[in-house]
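Visitor: What follows is a structure written as structure tokens; I'll ask about it next.
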Amino acid sequence: MLTTSRILSQCILRHHVASVPTLHLRTCTYIHCTSSNYSSSPSNSSVPKVHKVRPLTKDDVDFSFSRSSGAGGQNVNKVSTKVDMRLDLSKATWLPEEIRQEIRTAEKNKVTNEGFLVVSSQKHRTQAQNMEDALEKIQVMIDNAVEALTPKIADATTVARVKANIKAGQERRIQDKKRESMRKKERGGGKGREWD
């Protein structure tokens, strides 16, 4: 029986793909591989561990509303449209620990001492639009953390270019050492020379 995870594992093994984007209605999430151990033979030891990161929902966060500053006309003092959203990273077990740690590191100014990721939005005039905007901000942070942890696979031309640069650097270093050695030999150091 073919399952989604089995198809993705085969795709990763055959095509040496580090992350496979999965489309959702609201945003794009990634299938994250924690191992860069790729092999063309599907043995159990070489299959990378795959984490499916689902999209963020309103049920995953705590939020509150307050009055927004800025434009809004007469509506601004009557309706609380600003959204303050908090994601408890310690309770977000649907995210792998390494991704939560990457978010703590990358967004350290937005993470409280208690471990809450805090985001606010007051860009729009309605609560619903500001709620979507705040959810989108957190989703972008999650996607960036997944992308940062996804192993990059270099193509053949990049590998060849890096090897050529390393070899050229080693040859330059050897030539510089030979040149310096010849310069020191020409000086003679004052031994065995007769001065007129």
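Visitor: So how much slack lies between residue 105 and residue 185, counting 0.36 nm per residue of separation and subtracting their Cα-Cα distance, in nm? Before the final figure, lay out each step's value.
Guide: Numbers: separation 80, 0.36 × 80 = 28.80 nm, distance 5.44 nm.
Contour length minus the Cα-Cα distance gives 23.4 nm.
Visitor: In which sequence would 56, 149 go, from the one with the fewest C-beta neighbours within 10 Å to the one with the most?
Guide: Details: 56 26, 149 19.
Fewest-to-most Cβ neighbours within 10 Å comes out as 149, 56.
Visitor: Of 58/152; 91/137; 58/110, which sit over 23 Å apart, Cα to Cα? Can you show the working numbers first?
Guide: Details: 58/152 32 Å; 91/137 19 Å; 58/110 19 Å.
Violating the 23 Å Cα-Cα cut-off are 58/152.
Visitor: Using a simple spin-label model with points 7 Å from Cα along the Cα→Cβ vector, what separation in nm is obtained for residue 136 and residue 155?
Guide: 3.2
Visitor: For a quick check: sort 131, 182 by the number of other beta carbons within 10 angstrom, fewest at the front.
Guide: Lowest to highest Cβ neighbour count: 182, 131.
Visitor: Per 0.36 nm of contour for each residue apart, how much would the distance between residue 147 and residue 125 grow if the chain were fully extended, relative to their Cα-Cα spacing?
Guide: Numbers: separation 22, 0.36 × 22 = 7.92 nm, distance 3.23 nm.
Between residue 147 and residue 125, full extension yields 4.7 nm more.
Any read-out appearing in this document is the output of simple, stated calculations on the displayed coordinates, not a laboratory observation. On a predicted model such as this, the values are computed, not experimentally measured, just so you know. Every residue, glycine among them, receives a Cβ derived from its backbone with ideal geometry; neighbour counts consider all protein chains shown.
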